[in-house]
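Participant: Following this message is one structure expressed as C-alpha cells.
The values are calculated or read from the model by the stated rules, or taken from the named source; none is laboratory data. Here the structure is a predicted model, which is why all the values come from computation and not from measurement. All Cβ positions, glycine included, derive from the backbone under ideal geometry; neighbour counts span all protein chains shown. The protein model used for the area step is the full one, side chains on, heavy atoms only, and it has no ligands, DNA or RNA in it. Shrake-Rupley method; radii C 1.70, N 1.55, O 1.52, S 1.80 Å.
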Amino acid sequence: MTNELDRSGNGTPLDVAEGQYFTINAPPKALNTHLALAREFIDRHAEEGRRVALVTSGGTTVPLENQTVRYIDNFSAGTRGATSAEYFLDAGYAVIFLHRQFSLLPYSRHYSHNTRSFLDFMGEDEQGRVVVNPEHQEQMVQVLRQYNKAKKDNTILILSFVTITEYLWQLREVAKLMRPLGSNALFYLAAAVSDFFVPQDRMTEHKIQSNEEFTEKNRSADGAKRPAARTEGKSLVIDLEPVPKFLKRLVDGWAPNALIVSFKLETDPSILVEKAKYALNKYQHDLVIGNLLTTRKWEVVFVSPEGEKWVRVPSHRRTKSSSGIESLVGKAGGANGNGRAREHEFVGEPAIEIESLMIPEVAALHGRLVAQGGSKTQHRPD
Ligand code: 9Z3
C-alpha cells in the first residue's frame, strides 16, 4: 500500500524515487570491491550466529562539481560512530563500520584528531627505542588489546564514503547483503547525512568559474539542464534538490527484519523530542536517538514506540579536568528540577563516554527483538 509516508520529498513514490536516484547517480568506483568484502564478512558471521551491526559515522559531502574542488559538508567528527563501534564490539557484535574517509576510527580515535599529537604519547628509552610514556601505558595497553582482539577475531570491517551518493549506494547494497541475517542485523545510523544534494546530471564537470569571461564554461553533464551550482553575475547560486527519504526504504525494502536505530540531530532544544517522534513515525524505525549539537556527549533521548527516555552521563561524572581527574562541578550543580543539566556542565569532555550507557541499552532492545523471533514487520503499519 502506498501512502504519504512512502513518498520522497518530491511527492514521487519512494520505490520509483529509488530507481531514479540510483540511475542518475552512478555507484562509487570501489563499490564492488567493498561489497565483496562485506559479503565475505557477513557470511562468516552469519555462519557463526553472531549479530552484525552496520554502524555509519561521519558527515556526507555534497560535491558541487564532478571534478570536485568545492563541496558542502555535514558536521560530524565521527566520535559517536567510532566510540559506539567499540562498545558494540565489546558487546559481542561484528561491526561493519561505514565511515567518512579520514573521520575518527574505533581504537585509533584515542590518539588521532586530538589537540595533542600521537607523538606526545611517545618517548625514547636509554637504548634509543621508541616507547609509550609511563602515564599513558595503562590506557594504551587496554586499547591495544581490544584493537588486536577485533583484528584477530575479524570482527570489524572498515568501509568508507565521502559523498552522499557513495554513502547511499553502500547503505543500500550492504543492507541487502545483510538481509539473510534477519533480526540478527542491526543498523545504527549515526552518520550526519545531507538532506539536499546536486544530482549528477545537474553537476558541472569542471571547477565553477567565477570570472565572468569564463562563466559560459559552467555547463552541466546534461547540457539541457541548468547546473545546480552556477554563477549569476558575480554571485554563486546553488539550488539543491531534496535527497529522497530512503530511511523508510530500510524498513520496507532493504532490511525489513533488522533492528533499525537512527539519530536525530537538532540545535534547538524545544523541538528535539518532537522531531525525534516525527522521525520515528515517518520512517518506522525501532528507535530514534535524539541529540543536541552542544550537549550530545552528555545526554541523548531514546524515542521508541514505548515512549521516550533520557540517557545521561551521571551528574557527578559530567566533566573531566584537563588532568583527566573528574571535577565535582556536576555534583555541586546537579540537574535542575526537570532533570536537565545546567549549561556549565557541558564544557570540556564528560568523565565517561555516553556510548558506554547507550550501547548496552540498544543491545538489550535488540536482544528482545531477537527473542521475539524478529517478526516485527507484521506489526508495523504500512
Ligand atoms: C547524529 O546525530 C550524531 O550523533 C552526530 C555525532 C552527528 C551529532 P560526532 O560524530 O557527532 O560525535 O561529532 N547523527 C545523525 C545526524 C543526521 O543526519 N540525522 C538525520 C536528521 O537529523 C537523520 S539520519 O535529519
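Participant: With the requirement that a residue be touching a Leu at 6+ places or on another chain (Cβ under 7 Å) and either small (Gly, Ala, Ser) or farther than 15 Å from ALA185 by Cα (or both), what does the stretch 246-263 give you?
Facilitator: Selection gives PHE246, LYS248, ARG249, ALA258, SER262, PHE263.
Participant: Still on this structure, please answer the following. When the stretch 63-93 is examined, which residues are found to be of a type in the set (A, V, I, L, M), more than 13 Å from the ligand (Cβ to nearest atom) and either surrounded by fewer than 24 Cβ atoms within 10 Å (Cβ to Cβ) or under 21 Å from ARG296 (Cβ atoms) (or both)?
Facilitator: Filtering the stretch 63-93 down to residues of a type in the set (A, V, I, L, M) leaves 64, 69, 72, 77, 82, 85, 89, 91.
The next check asks that each one be more than 13 Å from the ligand (Cβ to nearest atom); those that pass are 64, 69, 72, 89, 91.
Of everything in the stretch 63-93, those that are of a type in the set (A, V, I, L, M), more than 13 Å from the ligand (Cβ to nearest atom) and either surrounded by fewer than 24 Cβ atoms within 10 Å (Cβ to Cβ) or under 21 Å from ARG296 (Cβ atoms) (or both) turn out to be LEU64, VAL69, ILE72, ALA91.
Participant: Do we have THR60 as over 23 Å from the mean Cα position of the chain (by Cα), open to solvent by less than 50 Å² (accessible area, probe 1.4 Å) and in contact (Cβ under 8 Å) with a residue 24 or more places away in the chain here?
Facilitator: On the way: over 23 Å from the mean Cα position of the chain (by Cα): no; open to solvent by less than 50 Å² (accessible area, probe 1.4 Å): yes; in contact (Cβ under 8 Å) with a residue 24 or more places away in the chain: yes.
So THR60 does not fit the description; no.
Participant: Considering only the stretch 206-222, I want to know if a residue exists there that is open to solvent by less than 30 Å² (accessible area, probe 1.4 Å), at pLDDT below 90 and among the polar types (S, T, N, Q).
Facilitator: Yes.
Participant: Six or more apart or on different chains, Cβ atoms under 7 Å: show the pairs whose first residue is in the stretch 23-49 and farther than 20 Å from ALA185 by Cβ and whose second is part of a helix (DSSP H, G or I) and open to solvent by 50 Å² or more (accessible area, probe 1.4 Å).
Facilitator: Close Cβ pairs satisfying both conditions: ILE24/GLN200; ASN25/GLN200; ALA26/GLN200; PRO28/GLU166.
Participant: Something else about it: Restricting to the stretch 45-57, count the residues that are away from the ligand (no atom under 16 Å from the Cβ) and either open to solvent by less than 20 Å² (accessible area, probe 1.4 Å) or closer than 14 Å to PHE97 by Cβ (or both).
Facilitator: The qualifying residues number 2.
Participant: If I filter the stretch 123-177 down to residues being open to solvent by 50 Å² or more (accessible area, probe 1.4 Å), part of a strand (DSSP E or B) and aliphatic (A, V, I, L, M), which single residue comes out as nearest to SER194 (Cα to Cα)?
Facilitator: ILE158
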